[in-house]
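Single-structure report; data block below.
The values are calculated or read from the model by the stated rules, or taken from the named source; none is laboratory data. Because the structure is a prediction, the values reported are computed rather than measured. Counting neighbours? That spans all protein chains shown, and the Cβs are built from the backbone with ideal geometry, glycine included.
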2 protein chains.
Amino acid sequence: MDIENIKALTFDVFGTVVDWRTSIIRQGQTLGRSKGIDVDWEKFADAWRARYQPSMSKVRNGEMPWTKLDDLHRVSLHQLLDEFDISGLAEDEIDYLNRAWHRLDPWPDSVEGLTRLKRKYILVTLSNGNVALLVNMAKRANLPWDAILGAEVARHYKPQPEAYLMTADYLGLQPGQCMMVAAHNHDLVAASQLGFHTAFVCRLTEYGPNQSTDLKADYDFDIVADSFLELAVKLEC
Amino acid sequence: MDIENIKALTFDVFGTVVDWRTSIIRQGQTLGRSKGIDVDWEKFADAWRARYQPSMSKVRNGEMPWTKLDDLHRVSLHQLLDEFDISGLAEDEIDYLNRAWHRLDPWPDSVEGLTRLKRKYILVTLSNGNVALLVNMAKRANLPWDAILGAEVARHYKPQPEAYLMTADYLGLQPGQCMMVAAHNHDLVAASQLGFHTAFVCRLTEYGPNQSTDLKADYDFDIVADSFLELAVKLEC
């Protein structure tokens, strides 16, 4: 790998930069206490995330027109409110709960690691999250992105090639000048097939204490690291 | 004006945030010295900028398909090289000169003003510049944008309504939750007609010492300021 050729690091966000599961559970518990809702919020968070890929699949396969993630999350949320027998929430309370995904906390190393990496590289999101979600998340969590790109501006959800290729194109870069950073093997495989460099960052508890996938790099990625700090060291930042 | 309702400031960039004319002249002079090119770089800069609106008009009126500003700049540059009788530049030197627009210097108050405004507001570009141009400019000049939006992601050049409305929509905001900041009356009029709040920032030498337009706010904008620092004070940042 020619490190000198890399100009931009393109980041998966959910699970790679932020700990969505713990954050959704925490916000659910807070809501539950204030509204007297007795729900297993761990199951609720997992059930919400379980609907993530199927909901995007409908857009990917053309069953639905382009729909941003906030709106897919909201459809799933309404189904979950029924399923978990949660009633009595006003529309603005449901909207606030839906935007829990705008208020996810970063992993402990994320802000310091990104800040170091930013000295040398252009840092952009290459996430399936929509722009508003990612801007609000970054503002709250101090994530120092140089630009918010990815699915919404490409109008294609990962792992469709357009999501990766249009992100590089918006930056005026070739895929080989970009390094995809993710905690998910499948995301890096998709990026690699298009010519991106790849960095796998292990996030062993993204899916909770019993996580069974993405515990290690299953392929020969350019870099494997345990944190963004180790990634910064390996990229000589 | 209800200041409390404003969530995002959307910025014109060329002339409002950065001093394109002095920056292009400076870079032209540097090139001229190193390559022995004897040209009036003030005239060259003005001639390049004079082709800016006509080149975008061809995209706006459908005469050309969507073309990003880097590519419009390049077509104009090739015409100017002929017109100013400049020869002997290699393709990579022409490319570097074309990207002079990625290396524009901010006005003296821009970085400090934006940094103050960022504490309270989402700061985004709403420029006709393409994403790569604006990302590279921000990286070099330390412009602390929360997101790079505007013409390229909207696929429409200002003052077409889509450029403004899609920027607000990407942020998940209504136009009335956004304030357009610009040194140009026509830009603010277009934004205002769509429901944006407006702030006119005077840049008296954008077009050089003999500037004759945009010397003052010609309409009743919400805020008129002499600098981003005064804008920050008026927005209670």
Exercise for review: Using the structure shown, decide if A:ARG33 is over 25 Å from the mean Cα position of the chain (by Cα), assigned to a helix (DSSP H, G or I) and farther than 21 Å from A:HIS186 by Cα.
Suggested key: yes
Study note, to complete from the structure: Across segment B:179-224, the tally of residues that are more than 16 Å from B:VAL13 (Cα to Cα) and not in a helix (DSSP H, G or I) stands at 20
Review point. Within segment B:110-124, is there a residue that is of a type in the set (S, T, N, Q) and either within 11 Å of chain A (Cβ to nearest Cβ) or assigned to a helix (DSSP H, G or I) (or both)?
Key: yes
Point to revise | Exclusive hit being on the phi < 0 side of the Ramachandran plot and in contact with a His (Cβ under 6 Å, 6 or more places away or on another chain), set B:ASN130, B:ASN136, B:ASN185 | key: B:ASN136
Practice item. Looking only at segment B:79-99, decide whether some residue is within 23 Å of B:HIS186 (Cβ to Cβ), away from chain A (no Cβ under 13 Å) and modelled with pLDDT of 95 or more. Key: no
Check your understanding: Quick one: is B:ASP187 away from chain A (no Cβ under 11 Å), in contact with an Asp or Glu (Cβ under 6 Å, 6 or more places away or on another chain), more than 25 Å from A:ALA138 (Cβ to Cβ) and of a type in the set (D, E, K, R)?
Key -> yes
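Listed here are the residues, each with its yes/no results for (1) more than 9 Å from chain B (Cβ to nearest Cβ); (2) crowded, with 23+ Cβ neighbours inside 10 Å; (3) within 29 Å of B:ARG119 (Cβ to Cβ); (4) in contact with a Gly (Cβ under 7 Å, 6 or more places away or on another chain).
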{"position": "A:ASN130", "(1), (2), (3), (4)": "no, yes, yes, no"}
{"position": "A:ASN136", "(1), (2), (3), (4)": "no, no, yes, no"}
{"position": "A:ARG140", "(1), (2), (3), (4)": "yes, no, yes, no"}
{"position": "A:GLU152", "(1), (2), (3), (4)": "no, yes, yes, no"}
{"position": "A:PRO159", "(1), (2), (3), (4)": "yes, no, no, no"}
{"position": "A:GLU162", "(1), (2), (3), (4)": "yes, no, no, no"}
{"position": "A:LEU165", "(1), (2), (3), (4)": "yes, no, no, no"}
Review point. Is it the case that B:LEU165 is on the phi < 0 side of the Ramachandran plot, modelled with pLDDT of 95 or more, of a type outside the set (Val, Ile, Thr) and part of a loop (DSSP other than H, G, I, E, B)?
Key: no
Review point. B:GLU152: part of a helix (DSSP H, G or I) and either under 16 Å from the mean Cα position of the chain (by Cα) or touching a residue at least 24 places away in the same chain (Cβ under 8 Å) (or both), yes or no?
Key: yes
Practice item. Quick one: A:LEU104 ticks every box in (1) in a helix (DSSP H, G or I); (2) touching a residue at least 60 places away in the same chain (Cβ under 8 Å) except a single one, so which number is it? Key: (1)
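The rows are residues; the columns are (1) free of Cβ contacts under 8 Å to residues at least 12 places away in the same chain; (2) part of a helix (DSSP H, G or I); (3) not assigned by TED's automatic domain parsing to the domain that holds B:LEU134.
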| position | (1), (2), (3) |
| --- | --- |
| B:LEU9 | no, no, no |
| B:ARG49 | no, yes, yes |
| B:LYS58 | yes, yes, yes |
| B:SER87 | yes, no, yes |
| B:GLU93 | no, yes, yes |
Check your understanding: Which one of these does A:GLY176 not meet: (1) closer than 18 Å to B:ALA132 by Cβ; (2) within 14 Å of the chain's Cα centre (by Cα); (3) not hydroxyl-bearing (Ser, Thr, Tyr)?
Key -> (2)
Check your understanding: Restricting segment A:195-206 to residues that are closer than 22 Å to A:LYS7 by Cα and crowded, with 18+ Cβ neighbours inside 10 Å, which is farthest from the other protein chains (Cβ to nearest Cβ)?
Key -> A:PHE200
Check your understanding: Given the residues A:ALA190, A:ALA182, A:ALA163, which is the only one that is free of Cβ contacts under 8 Å to residues at least 60 places away in the same chain, within 18 Å of the chain's Cα centre (by Cα) and over 27 Å from B:HIS102 (Cβ atoms)?
Key -> A:ALA190
**Study point:** Looking only at segment A:50-71, and only at residues there that are within 14 Å of chain B (Cβ to nearest Cβ) and not aromatic (Phe, Trp, Tyr), the one that is surrounded by the most Cβ atoms within 10 Å (Cβ to Cβ)
**Key:** A:LEU69
Exercise for review: Might you check whether a residue that is among the aromatic types (Phe, Trp, Tyr) and surrounded by 14 or more Cβ atoms within 10 Å (Cβ to Cβ) occurs anywhere in segment B:207-216?
Suggested key: yes
Study note, to complete from the structure: Result of the Cβ filter at 6 Å on segment B:14-35, keeping first residues that are over 21 Å from B:SER127 (Cα atoms) and partners that are part of a helix (DSSP H, G or I), at least 6 apart or interchain, is B:ILE25/B:TRP41; B:ILE25/B:GLU42; B:ILE25/B:ALA45; B:GLN27/B:ALA100; B:GLY28/B:TRP41; B:GLY28/B:PHE44; B:GLN29/B:TRP41
